[in-house]
1. Output the direction-averaged projected area (hull surface divided by four) of the convex hull of the alpha-carbon atoms of region 97-191, in nm².
2. If r is the Cβ-Cβ distance from LEU192 to HIS352 and R0 is 30 Å, what FRET efficiency results, to the nearest 0.05?
3. Excluding MET47 itself, what net charge comes from residues whose Cβ is under 12 Å from its Cβ, given Lys and Arg +1 and Asp and Glu -1?
4. Considering the zone a paramagnetic label at ASP65 would reach in this model (a point 7 Å from Cα along the Cα-to-Cβ line), which residues of region 1-36 have amide N under 20 Å from it?
5. Compute the convex hull volume of the Cα atoms of the chain, divide it by the residue count, and report the result per residue in Å³ as a whole number.
6. In the chain, with Lys and Arg counted as +1 and Asp and Glu as -1 at Cβ, which of these residues, ILE249, PHE194, GLN208, has the Cα nearest the positive end of the dipole, that is, farthest along it?
7. Tell me the accessible surface of HIS356 in square angstrom (1.4 angstrom probe, heavy atoms of protein chains only), to the nearest ten.
8. Under a crude label model (7 Å from the Cα following the beta-carbon direction), how far is ARG256 from GLU26 in nanometres?
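The values are calculated or read from the model by the stated rules, or taken from the named source; none is laboratory data. Just so it is clear, the structure is predicted and the values come from calculations on it, not from any experiment. We place every Cβ from the backbone using ideal geometry, glycine too, and count neighbours over all the protein chains shown. Side chains included, ligands, DNA and RNA excluded: accessible areas come from the protein's heavy atoms. Shrake-Rupley method; radii C 1.70, N 1.55, O 1.52, S 1.80 Å.
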Amino acid sequence: MLKIVTIIGARPQIIKAAALSRSIRERFSSQISEVIVHTGQHYDENMSNVFFSEMNIPTPHHQLDVRSGSHGKQTAAMIAGIEEILLQEKPDALVVYGDTNSTLAGAVAASKMHIPVVHIEAGLRSFNKQMPEEINRILCDHVSTLLFTPTDSGMKNLLNEGFKAEHPAGTKIDADHPQIYHSGDVMYDNSLYFAELAESKNILKNLQLSKGDFLLATIHRDYNTDHKERLSAIFDALDIIARSENKAIVLPLHPRTAKLLETNLYANVLSSLRSNPLLKIIPPVSFLEMIALEKHASVILTDSGGVQKEAFFFQRPCIILRSETEWVELVENGNAIITDADTERILKAYNHFKEHTKLAFPAFYGDGRAADFICGEMIRHFAK
Ligand code: UD1
Ligand code: UDP
């Protein structure tokens, strides 16, 4: 039996972990036992608890309850907490997802205890070290033993950084001789699995939305929320599109953004959006509700990594409110346009997608069975 400890903490990790836990429960329960640790990086009901019941994720065995803080304080508290749990649980491997402070904390704690780190969503790069996530993902990749990248470009990035696709026969795979894989994306596994169930949600009806006749937006990146000019430029664009098109825009707002709206929006933008009934600013929604919104939005505007891809999974065009993306294939294939926080560019991208409605959606993110593949490889390498 292979024993893994899985670290989750932020919303997207809780969601991603659902795919692996489901695969273990349905196909590998006699070979893998999973201990889940929740760092508590996200803790509001609608940023954490809501996903466990809806997505059938096992209740975490350990809750660190670290909550918010500066990068240093938050990450340090997580490292200390995870180290104690690893001493107690003695797993064969530790699994981390993505690029948050919870990811980094897990990777640092385990690698220093010589516990192999399995990084799911490895290899992604924005080539922008102003992003805390870029630092987290680079550091995590370089202490990992198994690296599962969702995309071709992730594979190329790892090869460019010196990772080897193959090792001489007999090489023991460890942190000094890591193995990289192109596994596909566990988020695609989830979107396929939950797509139909999402139709049972009443969110469209509750918000009085008609299918295909509204836009969806999410904003939470620190470089957008923390700069008045950028946040105001984005909200200005949303306000203009809603009014000129007479279309609703739904904004399930991340708590980080919600807390900064009053202080960081220019007064004229704030008052205009307050008087615009078409801008529906709501608290974060559950995963199934989010999928229901994504499936039926005409266009999705976002600075989220996950939401960019879900737009693609549900064949919606996407406007990326950032200066670059790790999901480069979306832009190269014309499914998404990078606009940064620039009102004119956002309006131009919206008009582009009004005219160009025939987009192609190749299988960039695997076949919906990435989690099964990852479980199989973990067993092959670590099971005793
Ligand atoms: C974190 C990740 C980011 C990821 C995002 C997903 C890092 C460095 N960043 O950003 O990569 O895209 O999660 O959503 O790890 N807050 C609450 N309630 C909560 C959680 C947060 O009110 O349940 C507020 C707090 O004011 C907190 C702020 O949001 O200070 C930011 O939270 P934090 O987890 O530090 O970063 P995120 O912006 O959520
Ligand atoms: N999501 C959700 N409810 C919301 C907003 C997002 O369930 O109100 C989901 C979304 O469907 C995706 C994930 O959260 O699966 C993306 O997380 P987030 O945008 O917080 O982080 P990122 O992907 O940018 O790291």
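1. Working: hull surface 25.5 nm².
Reported value for the Cα convex hull: 6.4 nm².
2. Details: r = 28 Å, r/R0 = 0.94.
The value I calculate is 0.60.
3. Numbers: positive: ARG11, ARG67, ARG256; negative: ASP44, GLU45.
With Lys, Arg at +1 and Asp, Glu at -1, the net is +1.
4. Taking a point 7 Å out along Cα→Cβ of ASP65, the residues of region 1-36 whose backbone N falls under 20 Å are 7-11, 36.
5. Values: hull volume 49.3 nm³, N = 384.
Taking the convex hull of the Cα positions in the chain, it is 128 Å³ per residue.
6. GLN208
7. Here the residue's solvent-accessible area equals roughly 90 Å².
8. About 3.2 nm, to one decimal.
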